[in-house]
Amino acid sequence: RSMRILLDENPCEIPAGTVGEAIAIAAEAAEKAGRLVVEVRVDGAMLTDEELQTTTRLQDAAEEVQMLTTTMEALLRDTFLQAAETLTAAEREQRLAAEAMQGGRAAEGMASLMQSLEGWSGIRDAVVQGLSLAEIPTEDVEFDGVRLADAIVDLQKRLGRLKDAMVAEDVSATCDCLLYELPESTTAWRTLLDGLHHRFEAASEDAGDSNS
């Protein structure tokens, strides 16, 4: 008995014996149509990124494997939109961290600070990976006079100074970084993320993609 394989709710006649084979063949078919698989459900349960890397899970058979695809443009549009939301959250945590530290609540300040750093790391990764998927060199990205290549270097430097101030347990230097230095990066990255989001939003509309 063969597995039922659905690609965007359309049944696929794929000769696959395992979940892994079904995903590989469907992903290749999607790619030929200029689309990417963004979600896999096995017997109704969504597979996590971790499970998609787990050999045992992929060697299983199943009753049904369902896959959802999207265009690269729509995927990148959503990626940059989410990164912009993460940026707003990171900015809020930076402010809360500085307020807590100035108020002598070091542990609370540190918790907010770590949230903010995690946010920045996610934003940078999302942008670099997204552009690499779109095969756009970092050097080519510029909006309103803000160059991504410069923004990456500036962010590294500011985060480096922030970490030095944290290690030195220098509260006033840490707060200066949070309140005066990092906001400059926030402004630059907001311009870049908005620009990238709109660029791919326009491209996804051109591609006629309604699956958002």
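Just to be sure before I move on: is GLU139 open to solvent by 70 Å² or more (accessible area, probe 1.4 Å) and either within 30 Å of THR71 (Cβ to Cβ) or part of a helix (DSSP H, G or I) (or both) in the structure I sent? When the stated conditions are applied, GLU139 passes them. In the set ALA188, ALA202, only one residue is assigned to a helix (DSSP H, G or I), without any contact (Cβ under 8 Å) to a residue 24 or more places away in the chain and either in contact with an Asp or Glu (Cβ under 8 Å, 6 or more places away or on another chain) or open to solvent by less than 80 Å² (accessible area, probe 1.4 Å) (or both); that residue is ALA202. The set of residues in the range 128-149 that are small (Gly, Ala, Ser) and in contact (Cβ under 8 Å) with a residue 12 or more places away in the chain comprises GLY130, ALA134. Among the candidates VAL146, VAL128, the residue that is more than 20 Å from ARG105 (Cα to Cα) and in contact with a Ser or Thr (Cβ under 6 Å, 6 or more places away or on another chain) is uniquely VAL146. For the range 33-46, filtered to residues that are under 23 Å from ARG77 (Cα atoms) and outside any strand (DSSP E or B), the residue that is most open to solvent (accessible area, probe 1.4 Å) is ALA33. Looking at the structure I just gave you, is ARG77 open to solvent by 70 Å² or more (accessible area, probe 1.4 Å), under 30 Å from SER185 (Cα atoms) and touching a helix residue (DSSP H, G or I) at 6+ places or on another chain (Cβ under 9 Å)? It is false that ARG77 is open to solvent by 70 Å² or more (accessible area, probe 1.4 Å), under 30 Å from SER185 (Cα atoms) and touching a helix residue (DSSP H, G or I) at 6+ places or on another chain (Cβ under 9 Å). Within the range 53-63, none of the residues are buried (at least 20 other Cβ atoms within 10 Å of the Cβ), under 25 Å from the mean Cα position of the chain (by Cα), on the phi < 0 side of the Ramachandran plot and of a type in the set (A, V, I, L, M, F, W, C). Contact map, the range 84-97: residues that are free of Cβ contacts under 8 Å to residues at least 60 places away in the same chain and closer than 13 Å to GLY122 by Cβ paired with residues that are part of a helix (DSSP H, G or I) and open to solvent by 50 Å² or more (accessible area, probe 1.4 Å), Cβ distance under 6 Å, separation 6+ or inter-chain. Pairs shown: GLU93/GLN115.
The values are calculated or read from the model by the stated rules, or taken from the named source; none is laboratory data. For clarity, every value in this text was computed on a predicted model and none was experimentally measured. Neighbour counts are summed over all protein chains in view; Cβ atoms, including those assigned to glycine, are modelled from backbone coordinates with ideal geometry. Remember, those area values only see protein heavy atoms, side chains included, never the ligands or the DNA or RNA. Shrake-Rupley method; radii C 1.70, N 1.55, O 1.52, S 1.80 Å.
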